[in-house]
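After the structure tokens below, expect a handful of questions from me.
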Amino acid sequence: MAPRTTRTPVRRSVPRSPGRPGTRRAGSAPARVLVTAATVAYLANCAWGTAVATGVIRTKRLRVVHHALFVVTATLTGAAVTTPVWTRSRAAAFLLPALVPLAAAPRIPARSRAHWRVAVAAAPSYLGAVLGLRAGRPERS
């Protein structure tokens, strides 16, 4: 009788999605989470600022809310920008230009037109990052 040879499994160099054989993963989970969280924080900050500017919300005692939302947005965006360094996802690199408006907005008077224009200038970066995450995802059937 011939000796049995054990067959070693073939190692894949490309990570596969757990449910769909043959598809690539869309970046990494930490990158997706951080980019999504930064985008949600940015949208919440814009919504709160718009509500205050239009008079829907009165913030005599609640000014700290907009400041807290800004700190959360800036922190999450800063963390998300670092993900291309330590993960395979490159979508967060779109957030790099958003750091400029985030750095400039606190130095501009809140009641001026320039304040909201600078804040809105970051929107394309967040949109690009979210679309970059979606572009790496496999299509669903």
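Any residue at all in the range 77-89 that's assigned to a helix (DSSP H, G or I), among the polar types (S, T, N, Q) and surrounded by 14 or more Cβ atoms within 10 Å (Cβ to Cβ)? Give the derivation first.
We begin by selecting, within the range 77-89, every residue assigned to a helix (DSSP H, G or I); these are 77-81, 83-86.
Subset that is among the polar types (S, T, N, Q): 77, 83.
Still in the running and surrounded by 14 or more Cβ atoms within 10 Å (Cβ to Cβ): 77, 83.
Within the range 77-89, one or more residues are assigned to a helix (DSSP H, G or I), among the polar types (S, T, N, Q) and surrounded by 14 or more Cβ atoms within 10 Å (Cβ to Cβ).
Moving on. What do you reckon, is Val65 open to solvent by less than 60 Å² (accessible area, probe 1.4 Å) and out of contact with any His (no Cβ under 7 Å at 6 or more places or on another chain)?
The answer is yes for Val65.
Looking at this structure, is Ala98 crowded, with 19+ Cβ neighbours inside 10 Å, part of a helix (DSSP H, G or I) and over 16 Å from the mean Cα position of the chain (by Cα)?
Against the criterion (crowded, with 19+ Cβ neighbours inside 10 Å, part of a helix (DSSP H, G or I) and over 16 Å from the mean Cα position of the chain (by Cα)), Ala98 does not qualify.
If you don't mind, there's one more thing I want to ask. Test Val56 against the criterion of being in contact with a helix residue (DSSP H, G or I) (Cβ under 9 Å, 6 or more places away or on another chain), modelled with pLDDT of 90 or more and part of a loop (DSSP other than H, G, I, E, B), and give yes or no.
Yes: the conditions hold for Val56.
Tell me which residues, restricted to the range 50-62, are open to solvent by less than 90 Å² (accessible area, probe 1.4 Å) and of a type in the set (S, T, N, Q).
Thr50, Thr59
Between a residue in the range 60-80 that is closer than 13 Å to Ala41 by Cβ and any residue that is open to solvent by 40 Å² or more (accessible area, probe 1.4 Å) and polar (S, T, N, Q), which pairs come within a Cβ distance under 8 Å, given they are 6 or more apart or on different chains?
Nothing qualifies.
So which of Ala119, Ala92 is open to solvent by less than 40 Å² (accessible area, probe 1.4 Å) and farther than 14 Å from Pro30 by Cα?
Within the list Ala119, Ala92, the selection yields Ala119.
The values are calculated or read from the model by the stated rules, or taken from the named source; none is laboratory data. This structure is a prediction, so every number in the text was calculated from the model and none was measured. All Cβ positions, glycine included, derive from the backbone under ideal geometry; neighbour counts span all protein chains shown. What goes into the accessible areas is simple: the full protein's heavy atoms, side chains included, and nothing from ligands, DNA or RNA. Shrake-Rupley method; radii C 1.70, N 1.55, O 1.52, S 1.80 Å.
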